Structure formats: C-alpha cells, structure tokens
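The values are calculated or read from the model by the stated rules, or taken from the named source; none is laboratory data. What you see is a predicted model; the values in this text were computed from it and never measured. Note: ideal-geometry Cβ built from the backbone for every residue, glycine included; neighbour counts use all protein chains shown.
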C-alpha cells in the first residue's frame, strides 16, 4: 500500500513499514493545505496534529484509512470520511502515561511558580522571598474530569503525591475502571459542579465532543474556589477561554494548559492567544504525548494497525457504525479508551 505519514514518526517504525513492502512517503511538515496534492494515490494517511477536514477527504482519490497517531480524532472530519467509506482510527491508551506526566508537571509548576522563577533567574533576578511562597500539593483535593486511560494514569500519580483524588460518579463504568479507581482511593461526587466546589485542583481528561465543548464555562467557574488550579492536557475546545480569563482576573484562578482553542494545525507556526499570554497561565505547545517512549509505543501500534488493515481487519475504528466495511465479519472496533469512562 502507499502510505503518507504527514507528521513526525520514528525512523525505526518507518523502516518496518518499508520492509513490509509498503511505499511510504514521509512528509512530517505537511500542512493541511498541502495534503490534497500529497494524498494523490495514497491508501493510508497517518497524522498526529495535522488537521484533516472535509475538503481534504473529498479530494482524496484512493484513500481508505486515516490513522490518528494518538487518542483524539476531533481534528479529522469523521462524518465525511464515513460517507466516503474511509475508516478513521485512533491509537488509544499508548500515550496515556506521557500525558499524565505532563499534567502532573503543570500542576507542580503552578504550585511552585517554576516558570516565572526560571525566567527571573535567567534574567539575573534573585527573589527567594517571592518564590518561597507555595501551598504544596500534599493533602490537596484534586478533581479528575474523565476516567479514561489518561485520567486514571494522572489520578494514580496525583494520589502518589498524597492528594485526595475526586471524580464524578457515572453509571455504566466498566469493572476494570471501577477497580482501578478503588485501588487509587478516588472519592466520587454526583455532579461536575460539586467537583468544582469540592476541589482546589481540576485536571481535564475527556475528548472533544458535542457534550464536552466548553465544559469549563462561565457557569461552572462560578463554583470553583478562589485560587483553583485548572490543568488541561486534553483539548482546547473544553474551555471557554474568555470565561477562564475572567475567572483568573476575579478569583485568582491559575491554569496549566497544553492545548488552546485556536492553536496552529501544524507542528510549527504562530499563535495569537490572549489566554496563552495571561500571566496566570503556564502553557506548553500541545506536547503531552510527545515523549520518545510514548511516540514509539504509538508508532508500534500504527504499524500493527496497518498490518491488520492489509489483512482485512480494522482496529480502533471510531466511525465504524457509518463507514462502509470491506469485510464486515473481520472488522474489530475499539473506541478511544482515553475518553470519558
């Protein structure tokens, strides 16, 4: 098959695909605008951050499979893909530890004012008095929004710091999730509003969907305590950015953000975000899953998915209900285990 890999991908995994006699075009700096030309004649597209809108899919002449080398698929028009018989698949769970680690890092950085401290030190300013002021994480009440693979991994690590971990009770959770939550010691509350009132740290671990869009809105932010830390390593669409800025101004809320609503669609570019510029925000460049360990784990699974697709099976398909299966009796679906559980 001809495969276009349009984002960064480990060399060893590219070699594996080539050894399997696939024709691989490695174009890690591809922009959304360039995709239509580069997709000509391709059977498979592999992306990470590059957006794949309807306009790209409608021009793809031979495309049969789009793999998002990560968990979320909100950057891909799954409905248009389904209409054209193109499978959209994700790679669930393989980057969970890396994202959880960054969420913990942002939480700790906010508490200890690490980014500002580094900036002052590099500028030759010594201010031990200012940077000695920190509440500490031990004993804090941490609310985890979403108990998928990433949310649970974050909860385990937050609990190891001696925090009290809370989450929203939800009917229908599978037994494995409940067992892990019990082992962690998670306490459950009935509503997201109660979670906001109960906790002084909120960490978001749900996918972008219609029911999670602007989950953190002006109404919910009326429930948070002054000085609450909000961590978002999931998707920028979860947060009403204007409302968050208002809460930072009026309630001293601080935020550790790896994602923003209008971040660039490619790995490099420019961003003009009032939220990212705010002094109460510690921001990173949507790098939660970008450790070598995580990327190799994801790449290994991508290679396996391509192997199974060639044999007539589709793994981790997120638009299976509406896509046109090639061999229905041999297709396996695995929805994003990093989402809401």
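Within the stretch 42-59, count every residue that is part of a loop (DSSP other than H, G, I, E, B) and at pLDDT 95 or above. First the steps, then the outcome.
So in the stretch 42-59, the residues part of a loop (DSSP other than H, G, I, E, B) come out as 42-43, 48-51, 53.
Checking the rest, the ones that are also at pLDDT 95 or above come to 42-43, 53.
Residues flagged as part of a loop (DSSP other than H, G, I, E, B) and at pLDDT 95 or above within the stretch 42-59 amount to 3.
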Collect the residues in the stretch 60-75 that are under 18 Å from residue 289 (Cβ atoms) and at pLDDT 95 or above, keeping them in residue-number order. 66, 67, 68
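With 117, 55 as the choices, which residue is farther than 30 Å from residue 227 by Cβ, touching a helix residue (DSSP H, G or I) at 6+ places or on another chain (Cβ under 8 Å) and without any contact (Cβ under 8 Å) to a residue 24 or more places away in the chain? Show your work before the answer.
Values: 117 fails: farther than 30 Å from residue 227 by Cβ.
Result: 55 is the single residue among 117, 55 that is farther than 30 Å from residue 227 by Cβ, touching a helix residue (DSSP H, G or I) at 6+ places or on another chain (Cβ under 8 Å) and without any contact (Cβ under 8 Å) to a residue 24 or more places away in the chain.
Determine which member of the set 265, 269 is out of contact with any strand residue (DSSP E or B) (no Cβ under 8 Å at 6 or more places or on another chain), at positive phi and in the same structural domain as residue 205 (by TED's automatic domain parsing). Steps first, answer last, please.
On the way: 265 fails: at positive phi.
Of 265, 269, the one residue that is out of contact with any strand residue (DSSP E or B) (no Cβ under 8 Å at 6 or more places or on another chain), at positive phi and in the same structural domain as residue 205 (by TED's automatic domain parsing) is 269.
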Please find, within the stretch 249-261, the residue that is surrounded by the fewest Cβ atoms within 10 Å (Cβ to Cβ) out of those that are more than 24 Å from residue 151 (Cα to Cα) and in contact (Cβ under 8 Å) with a residue 12 or more places away in the chain. 252
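Residues that are more than 20 Å from residue 68 (Cα to Cα) and either touching a strand residue (DSSP E or B) at 6+ places or on another chain (Cβ under 8 Å) or assigned by TED's automatic domain parsing to the domain that holds residue 313 (or both): find the helices (runs of 4 or more DSSP H) completely inside the stretch 85-157 holding 1 or more of those.
96-112, 114-122
Check 229, 244, 220, 215 and return the single one that is in contact with a helix residue (DSSP H, G or I) (Cβ under 7 Å, 6 or more places away or on another chain), over 18 Å from residue 277 (Cβ atoms) and free of Cβ contacts under 8 Å to residues at least 60 places away in the same chain.
Matching residue, one of 229, 244, 220, 215: 220.
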Subset tally (residues that are in a helix (DSSP H, G or I) and either without any contact (Cβ under 8 Å) to a residue 12 or more places away in the chain or in contact with a helix residue (DSSP H, G or I) (Cβ under 9 Å, 6 or more places away or on another chain) (or both)) for the stretch 7-41: 15
